[in-house]
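A short write-up of the structure that comes next.
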Amino acid sequence: MSGESGESPSRCLATSASPNLESPNLQSEILMFGPTELIVILLIVLLFFGATKVPQLARSLGQGMREFREGAKSAEAEETLREESA
């Protein structure tokens, strides 16, 4: 009853229903957060850290990102200087 493939019907359904994760559209849909998800995440962060800690966390995150960008720019500048001198 399962057809010519010899697989059970449930096996055929499972393989046909599995998503193709190599599709760029599906990957972007999986990684995107909607407004509802973002609100839930923010509420969880507020409950976990408290209202007084959230600004401190955001400030330290911003400082870390700024330092990372500055480090990346200086590394790129050093690499450019090495290429020009070689």
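Against the test of being exposed (fewer than 10 other Cβ atoms within 10 Å of the Cβ) and modelled with pLDDT of 90 or more, the options LEU21, LEU47 yield a single qualifying residue, LEU47. Applying the set (1) surrounded by 10 or more Cβ atoms within 10 Å (Cβ to Cβ); (2) part of a helix (DSSP H, G or I) to THR36 leaves exactly one unmet item: (1).
The values are calculated or read from the model by the stated rules, or taken from the named source; none is laboratory data. These figures come from a predicted structure and were not determined experimentally. Positions of Cβ are backbone-derived with ideal geometry, glycine not excepted, and every protein chain shown enters the neighbour counts.
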